[in-house]
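Notes to accompany the following structure.
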4 protein chains.
Amino acid sequence: MLTNTRHTRIEWCDCDPAGIIFYPRYFEMFDTSTTVLIERALGMSKFEYLKAYDFAGHPLVEARARFRLPTRFGDEVAIATALVECGRSSFKVEHRLTRAGVLAVEGFETRVWVIRLADDPQRIRSQPMPRQVVERFKNGNAAIDSLPSS
Amino acid sequence: MLTNTRHTRIEWCDCDPAGIIFYPRYFEMFDTSTTVLIERALGMSKFEYLKAYDFAGHPLVEARARFRLPTRFGDEVAIATALVECGRSSFKVEHRLTRAGVLAVEGFETRVWVIRLADDPQRIRSQPMPRQVVERFKNGNAAIDSLPSS
Amino acid sequence: MLTNTRHTRIEWCDCDPAGIIFYPRYFEMFDTSTTVLIERALGMSKFEYLKAYDFAGHPLVEARARFRLPTRFGDEVAIATALVECGRSSFKVEHRLTRAGVLAVEGFETRVWVIRLADDPQRIRSQPMPRQVVERFKNGNAAIDSLPSS
Amino acid sequence: MLTNTRHTRIEWCDCDPAGIIFYPRYFEMFDTSTTVLIERALGMSKFEYLKAYDFAGHPLVEARARFRLPTRFGDEVAIATALVECGRSSFKVEHRLTRAGVLAVEGFETRVWVIRLADDPQRIRSQPMPRQVVERFKNGNAAIDSLPSS
């Protein structure tokens, strides 16, 4: 399975007048974690992979999170991310955010591969993922670790 | 049932390099819509109701959204919000964001009423909601419309 | 002079653990106000005017703000915006945010008209503004009010 | 002089439909950099120093930035921060954000030390900084490096 863990800190700018994180910030963090996971799988930055595979991105069709413990500014957290399902044109990603090893938030994303319409580049539609991408998504970390970095 | 509809516009600052809204912004909009709904139910601003009922807020234990159609900067949208369930210390809110009458996003929130711990005001815990709040949450719009504004 | 005033409310999501607005949110609000001003001057939405004049936007080369009074969630504010200077490829905009008629924040922006490089659409460079845009920017509100809306 | 450099990456969530960073995000980054600088000077986290010195924070009275080169998602940047002036109740901080060693953005902040009013904790006012804080702000890195970490 394709997994990655990244470490970050909850900052003042992430928190609301209750002194705890304003929850949409978690979705921002999860979005970055998904990007990092795919960058790792494809061996290039998001800027590069959008160009290399000529697509518009992987927006969400569904997002969900369960908030178990609040976090606040100064908290060091780890976000463990896994690609848990890979279809033809969509895939699912899960995130587990922990503080001092204790689960604080779980996140669940369903994303879809989209391209721009040829006759109206402002509009997007889903499209099957390239075969090579599906393979890398399904092969998980072991395969990636054996690839030359690009 | 307690409901409210608010109109807003998707702005440049809400959108990402794909040209469509960056989805965590929807959760920010839903949070504001829930605030407006409760302000209407309780007949005062959030700043006032946090003081009047001496509590720390109504953070989320679960948030979910389904994204059906993308929106982009300049889109005028309506967010219809309803309080759909009210327990002892938690309540559920649903949002339907439409553009030109077409459903674009559905949002689902489970929130909990929290107070600060007396011996450690930096920590929060859930607590049963005041009877008056539960009544106003359950009585819906009709009751509110008949109340004198405070 | 080209001016516009828009009314908005400081929301919970704009505020930090001190209970007051987190100041970068003001710059977001000012950015939206500038967009609204230009939309009014050109008689079309930003989405439309980027296409109509085939350019990449009007990013900032300098931004500045003076914070005189804090605002907090629930505060109704007005943002008065004026285009105060118009050069060949750049223009200056000023914002005055008031609460209950009292000045709370002043904002100052210098923006530049940019296009994408033909041989590398990911890169941008400044370019003289179209003559029609300069005229509309310089003619101010009176001229706009006399134009048919597009 | 008190200085600190921190490394971060411009993310998708920081960028707008032009594909470059939405400039208020820089002010968020600068705010975090200032926090890190003060944490280093005082030898404790912001959460801790707000409690230890019993104050409400160090909001801005003026913020300014010059944007020299755009950055975009995936860009690794360094933010060098320096406390350049320290008065009785206010201080000035400057930031230089570079990408690959090239200056992209300069930021300038004037901040004030504030406490909550005893008779109305929702309101804040400026107050002279504690002597120990001023000393640490003025003594710069050398003094800090020789202190035991708290």
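Values quoted throughout were computed directly from the atomic coordinates according to the rules given, and no laboratory measurement underlies them. No experiment lies behind these values; they were computed from the predicted model shown. Here Cβ is always computed from backbone atoms with ideal geometry, including for glycine, and neighbour counts include all displayed protein chains.
Please work out if C:Thr71 is under 20 Å from C:Phe91 (Cβ atoms) and among the hydroxyl-bearing types (Ser, Thr, Tyr).
Here the answer is no, as C:Thr71 does not meet what is asked.
Taking the options C:Ala100, C:Ala63, C:Ala78, name whichever one is on the phi > 0 side of the Ramachandran plot and of a type outside the set (Val, Ile, Thr).
C:Ala100
Go through the range B:44-84 and count every residue that is of a type in the set (Asp, Glu) and more than 27 Å from B:Val133 (Cβ to Cβ).
Count: 2.
Restricting attention to the range A:1-22, report how many residues are farther than 20 Å from B:Arg116 by Cβ and in contact (Cβ under 8 Å) with a residue 60 or more places away in the chain.
Matching residues across the range A:1-22 total 10.
Within the range A:116-139, can you find the residues that are assigned to a helix (DSSP H, G or I) and either out of contact with any helix residue (DSSP H, G or I) (no Cβ under 9 Å at 6 or more places or on another chain) or surrounded by 12 or more Cβ atoms within 10 Å (Cβ to Cβ) (or both)?
Listed by number, the residues that qualify are A:Arg131, A:Val133, A:Val134, A:Glu135, A:Arg136, A:Phe137, A:Lys138, A:Asn139.
State whether the residues of the range C:129-142 include one that is aromatic (Phe, Trp, Tyr), under 24 Å from B:Gly74 (Cα atoms), within 14 Å of chain B (Cβ to nearest Cβ) and under 19 Å from the mean Cα position of the chain (by Cα).
Looking for residues that are aromatic (Phe, Trp, Tyr), under 24 Å from B:Gly74 (Cα atoms), within 14 Å of chain B (Cβ to nearest Cβ) and under 19 Å from the mean Cα position of the chain (by Cα), one finds none in the range C:129-142, hence no.
On the given criteria, is D:Arg136 of a type outside the set (A, V, I, L, M) and within 30 Å of B:Glu48 (Cβ to Cβ)?
No: the conditions fail for D:Arg136.
Could you tell me how many of the residues in the range D:29-58 are at positive phi and among the acidic types (Asp, Glu)?
Count: 1.
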